[in-house]
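Worksheet for the structure shown next.
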Amino acid sequence: MVDQADWVKIFDTTLRDGEQSPGCTMNVQEKLAVAQQLELLGVDVIEAGFAAASPGDFEAVKRVAAAVKIPVVLSLSRTREADIERALAAVDGAANPGIHIFIATSDLHLEQKLGMSRQEVIDAAVWAVSLAKRNIDYIEFSAEDASRSDVDYLCEVFGEVIRAGATVCNVPDTTGYAVPEKTRALFARLEADTPGGDKIVWSAHCHNDLGLATSNSLAAVEGGARQVECTINGIGERAGNTSMEEVVMALRTRKDHFGVGTRINTRQIYPASQKLSQIIGVPIAPTKPVVGANAFAHEAGIHQDGVLKNVATYEIMRPEDVGLQSNSLVLGKHSGRHAFANRLRELGVDLETIDVNDAFARFKDLADKKKEVYDEDLFAIAAKDTDVPQLYRLVNVEISSSLRTAPGATVAMTVEGVERSNSAEGDGVVDACYKAITELAGVEPKLERYQVEAITGGTDAIGHVSCVIRIDDIVVRGHGSHTDVIMASAFALVDALNRYESRRMRREETNGETVREVGP
Ligand code: KIV
Ligand code: ZN
């Protein structure tokens, strides 16, 4: 074991593996906002993207690399020269740059996907690591599908890449197939039997297909892993990756058992979770451990009684330790700009990235409508600011609905600064509203997802609407928040249309050079 024997590094891949999952794409500005939050959290490594995937990915990695000061920033790379060059160029400006090179090692992947022999895979891995090592010290090597690979072969592959200069060896459970007992044994065996295995950091990267990602990551730690790869809220391919908040709080809460902790500032966990959810428009399940709305709620009378007598009867973590105010009422209509800005800062919102005056005006507006403004409301207010050009602006929405007539909506909207208005009928007021808006914009999007969420409790709660629309092959999402869900729905669609226009224009600028679509 190397010097980190008493703590586990947190490698965050929200911006790469997380962002890869459908509906979780982010534009460069959004990735920067997440990266800044990751730095506040104190993660050790940020995987900022896959630089060779597209010009947008390259730009995002480069911008994150320049913005982040403490964590290692790295880019994913295949064992290809062009990939390695792109990855190295993207992290060139980082204070602590790194590269993450991967190739599959299971016979299934070798035979069916790569068409390579075991020796050819070793040669490719060693060649890639050696090439990168000429330019950079920090090299993580991943054996994709490691949990379904032959263990003797894994020891050989890892031994060779360590000899070539890899400093971190990652053992991905790419398909979420692993079980904790075997994972623990695998890490112990790899560390013992890999030549040089005692000189590098062993890393776990688990997917959650069987709901075992956190258990497997913790078992890996028991087996000797000193880095866990994870994402905020567990977003990621298919059923997601290991949830950062679960692993961090498990190690902290059961330090008696694991004997190791992390260097995460746990008070930033809840702000990070909320911020990501707002940015990608994917709500958090109420029962999600640590960050779900019910994670610290006590509904049953017998539980409430116990908690009132002694909170430890039913709570193993303190809400404030994860950054959740047990009484999250913070501001009201008499609160000033200073208190407002202060609270946003405490919640991890980077004031540089938002228009504080505009956000404050919206806060006052909301405080007038609601008596009490909660942290969740503030997240919603702050999340509205993005760098997406506002081609369309919603001016007004009027709706009519009765049991006798078809629901209708009249929408006023500026299109490139010129105000226009349109009325439409629909299957409901939201449908009517969407028809009126899309006719004004002159597009015919397919609505692929529409989701309403009450951000805070009570009938005067802010409603948060996220929608995903498709126009030709461009898929974008939009969000809107308002105390009236119809208005929130209209804002969400207008937001999506602005993102569509921004994406379309960017695509025109790059002349279709894009390999994989990235945000907004
Ligand atoms: O799941 C996986 O195997 C990966 C690798 C690229 C590390 O994400
Ligand atoms: Zn993965």
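The values are calculated or read from the model by the stated rules, or taken from the named source; none is laboratory data. Predicted, not measured: the structure shown is a model, and the values here were computed from it. Here the Cβ positions follow ideal geometry from the backbone for every residue, glycine too, while neighbour counts run over all protein chains shown. Just the protein is used for accessible areas: all its heavy atoms, side chains included, with ligands, DNA and RNA removed. Shrake-Rupley method; radii C 1.70, N 1.55, O 1.52, S 1.80 Å.
From the list R163, R238, R226, the one residue that fits, being among the basic types (K, R) and within 16 Å of ligand 1 (Cβ to nearest atom), is R238. Would you check which residues across the stretch 299-332 are at pLDDT below 80 and under 22 Å from D377 (Cα atoms) and list them? Matches in the stretch 299-332: Q325, S326, N327, S328, L329, V330, L331, G332. If you go through the stretch 165-186 and keep only what is outside any loop (DSSP other than H, G, I, E, B) and open to solvent by 40 Å² or more (accessible area, probe 1.4 Å), you end up with E181, K182, R184, A185. Pairs linking a residue in the stretch 429-447 that is assigned by TED's automatic domain parsing to the domain that holds S402 to a residue that is of a type in the set (D, E) and in a loop (DSSP other than H, G, I, E, B), with Cβ atoms under 7 Å and 6 or more positions apart or on different chains, are T438/E444.
Per-residue answers, yes or no, for (1) modelled with pLDDT of 95 or more; (2) more than 22 Å from E39 (Cβ to Cβ):
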{"site": "A204", "(1), (2)": "yes, yes"}
{"site": "L210", "(1), (2)": "yes, yes"}
{"site": "N233", "(1), (2)": "yes, no"}
{"site": "E246", "(1), (2)": "yes, no"}
{"site": "F258", "(1), (2)": "yes, yes"}
{"site": "Y270", "(1), (2)": "no, no"}
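None of V68, V28 is under 25 Å from A382 (Cβ atoms) and modelled with pLDDT under 95 except V28. Taken together, the criteria place K113 among residues that are assigned to a helix (DSSP H, G or I), among the basic types (K, R), within 16 Å of ligand 2 (Cβ to nearest atom) and closer than 29 Å to A219 by Cβ. For A132, the test of being in a helix (DSSP H, G or I), free of Cβ contacts under 8 Å to residues at least 60 places away in the same chain, within 13 Å of ligand 1 (Cβ to nearest atom) and surrounded by 21 or more Cβ atoms within 10 Å (Cβ to Cβ) is failed.
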